1. For the ranges 75-84, 59-68, 27-36, what's the packing order if you count other beta-carbon atoms within 10 Å of each residue, average per peptide, and put the highest first?
2. Please report, in cubic angstrom per residue, the volume enclosed by the convex hull of the alpha-carbon atoms of region 8-116.
3. Quick one: net charge of Leu44's neighbours, Cβ under 11 Å, K/R +1, D/E -1?
4. Suppose every Lys and Arg Cβ carries +1 and every Asp and Glu Cβ carries -1, with no other charges. What dipole size does the chain come out with about its Cα centre, to the nearest 20 debye?
5. What percent does the relative contact order of the chain come to when contacts are Cα pairs within less than 8 Å and at least six residues apart?
6. Assuming R0 = 41 Å, what is the FRET efficiency of Leu39 and Val96, from their Cβ-Cβ distance, to the nearest 0.05?
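Every number in this text was worked out from the coordinates using simple rules, so none of it is lab data. Remember, it's a predicted structure, so these values are computed and weren't measured experimentally. Quick reminder, even Gly has a Cβ in these numbers, built from the backbone with ideal geometry, and neighbours come from all protein chains shown.
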Amino acid sequence: SPTLGSLAGLQFPFTPKNKIRITGRYHLPVAAELGDISLSATYLLQSSVNAGPDFSPTNVIQGYGLVNLRADWDGVAGSALDASLFVTNATDKTYVTRLSGLYNIFGVAGASYGEPRIFGVQLRYRFGP
């Protein structure tokens, strides 16, 4: 870098060393004419990342873990309707996704945070045979 010198061995900004996602799904033993009911849970783990091109130690976003849960009912009671309930960030974890490293320039710093816990419902109707 013309301004920072050699950047050899430094981590690229916004690239975690580790990012792991594990999902488990369980299908409930119900009669086939009722449809397919399943429950799933996903755990996402991300290690810390450097948040800017200046490689300052103050521009590090700490790692975090998130839990997402989901219940799916495909073919509700033998119909063409699928229904799902879900919650993302089930533990309502507060985590940073972006830092603005402008403190050394303007004397201010900012951060963007990830989404809070969100509950939702999805409905889908399958037309045709």
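1. 59-68, 75-84, 27-36
2. Looking at region 8-116, the number lands at 125 Å³ per residue.
3. Counting the neighbours of Leu44, the net charge comes to +3.
4. 280
5. 20
6. 0.85
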